Each structure stands twice: as structure tokens, then as C-alpha cells.
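Data block below; observations after.
The values are calculated or read from the model by the stated rules, or taken from the named source; none is laboratory data. Computed from a prediction, not measured in an experiment: that's the story for all the values here. Note that we place each Cβ from the backbone using ideal geometry, even for glycine, and neighbour counts take in every protein chain shown.
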Ligand SMILES: Cc1cc2nc3c(=O)[nH]c(=O)nc-3n(C[C@H](O)[C@H](O)[C@H](O)COP(=O)(O)O)c2cc1C
């Protein structure tokens, strides 16, 4: 079973984080969560039922403790990177997708991402409003991630509908689980909802061992 680092960002789909966490734990994985502050608007630490002896949730305050950093203290984002066999970004919102594509790292989660060893698998489960998903910006950012972490042999002419297959073929360690079409929290109907929890758990089962 794998050590799974679950990265949660500020999509409304973060309400599913406790369910995804429980599903991964029930499957026998060891799970830690690194969450952005907007993600924590949608779920609370008390929803994560786990081993009380172990720290499960990591947030920016853990990276920047109020008493300051001293030599020998943990660098949290590097420690998490080293701990994890697989990094699961679910939900991955438009903002953090953009940061990933550009290499920005201004919080604990994006620092793990920037420091990630791409020889290890990373699972991306985007979730956003349909117009955000269908924007040419999304295609551009996914294309950049593919260019940075793929085999360099993919053609330019793929559409968002084909993105998961293109990643599977040309960036085997970057697993893209495309969003699904349904009525979104904002009331719009269309593609953008995070993939179902069992689908994400199945991706971890298949790729989690590296
Ligand atoms: C109620 C609410 C729901 C949101 N849902 C989404 C969403 O599903 N997808 C998305 O990309 N952004 C969504 N956002 C916007 C993000 O929270 C915002 O871009 C935030 O800066 C993301 O920060 P993070 O990537 O550091 O978590 C939502 C914001 C609010 C207030």
C-alpha cells in the first residue's frame, strides 16, 4: 500500500476531501493531506477521522510556525515530498493548476508540487466551473505540464476531451482524471465537476505503487 499525499485546493469539490481521505485509508493507504487555506473553507480538520497519534492535515501555518524556523527544524514541504509515494491533487482548482504550469510556489501545497520528484506518480483531478475548464487557458496550462513532464512526443493538436488519454500516452507518471459533466454547485450544467471519489481511488490503486 502506498503513502498518499492528498493535496486539496479551493474548489467547492473540496467538500469531498473527507470522503476521499476515508476511502483511501479504507483501501489500506497511509494518507496525509496538504491543504491550501481556501480548501479549508470547504472542510474541517474534525471531519478527518484518523490515527490520533499522527498528524494528518498540513497547512501553511505548519510551514511557517509562529516561533520562527531554527536550523534542524523540518522543512515541511520537503519532508512531505520525501514521505509520499504518490501525490493526489483532488480537487485541483484553476488557480493551482495555473501555478503548477507556471512553477509558482507561494504556499505549502505548491511548494511540494514545485519540489515533486516526477519519477513518482502524481494524480490530477481538476474541478472548476465549465467556462473555466473550457477556457483556452486550461488547455494551455495542461499543455505546459505535458511539455515539462511528458516524453516530448505528443502532437499539438489535442483537445481537452482527449487530455486524459494524451497524458496517459505521453506522461505516464502524470495521471489526469478529467472532470465530469453534471449540475455544478453554482447552478451551471456542464463539464467541470471533480471526478467521482471511487475513480480517483482506483487511479491511486493502479499508479500508487509507482
Ligand atoms: C464558494 C466558492 C467556490 C469555488 N469553487 C471553485 C472551483 O470549483 N474551482 C475553482 O477553480 N475555483 C473555485 N473557487 C475559487 C478559488 O477558491 C480561488 O481561485 C482561490 O484563490 C483558490 O486558491 P488555491 O488554489 O490556493 O486553493 C471557488 C471560490 C468560492 C468562494
Counted residues in the range 178-197 being touching a helix residue (DSSP H, G or I) at 6+ places or on another chain (Cβ under 7 Å) and more than 18 Å from residue 94 (Cβ to Cβ) come to 1
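For (1) near the ligand (Cβ under 10 Å from one of its atoms); (2) buried (at least 22 other Cβ atoms within 10 Å of the Cβ); (3) not in a helix (DSSP H, G or I), each residue gets a yes or a no:
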| residue | (1), (2), (3) |
| --- | --- |
| 96 | yes, yes, no |
| 101 | no, no, no |
| 109 | yes, yes, no |
| 112 | no, yes, no |
| 137 | no, no, no |
| 141 | no, no, no |
| 144 | no, no, no |
| 151 | no, no, yes |
Members of the range 114-134 found to be surrounded by fewer than 19 Cβ atoms within 10 Å (Cβ to Cβ) and either in a helix (DSSP H, G or I) or without any contact (Cβ under 8 Å) to a residue 24 or more places away in the chain (or both), listed by number:
114, 115, 130, 131, 132, 134
When only residues in the range 63-94 that are under 30 Å from residue 132 (Cβ atoms) and modelled with pLDDT under 95 count, which is surrounded by the fewest Cβ atoms within 10 Å (Cβ to Cβ)?
64
Residue by residue through the range 159-181, note down the ones that are away from the ligand (no atom under 16 Å from the Cβ), closer than 16 Å to residue 118 by Cα and either touching a strand residue (DSSP E or B) at 6+ places or on another chain (Cβ under 8 Å) or outside any helix (DSSP H, G or I) (or both).
167, 168, 171, 172, 173, 174, 175
Of all residues in the range 187-210, count the ones that are in contact with a strand residue (DSSP E or B) (Cβ under 9 Å, 6 or more places away or on another chain) and closer than 15 Å to residue 127 by Cα.
11
If I filter the range 3-31 down to residues being part of a helix (DSSP H, G or I) and without any contact (Cβ under 8 Å) to a residue 60 or more places away in the chain, which single residue comes out as farthest from the chain's Cα centre (by Cα)?
26
Quick check: anything in the range 182-194 away from the ligand (no atom under 16 Å from the Cβ) and crowded, with 19+ Cβ neighbours inside 10 Å?
no
All positions within the range 32-53 that are away from the ligand (no atom under 16 Å from the Cβ) and either surrounded by fewer than 16 Cβ atoms within 10 Å (Cβ to Cβ) or assigned to a loop (DSSP other than H, G, I, E, B) (or both)
45, 46, 47, 48, 49, 50, 51, 52, 53
Could you run through the range 74-94 and say how many residues are more than 8 Å from the ligand (Cβ to nearest atom), in a helix (DSSP H, G or I) and in contact (Cβ under 8 Å) with a residue 24 or more places away in the chain?
6
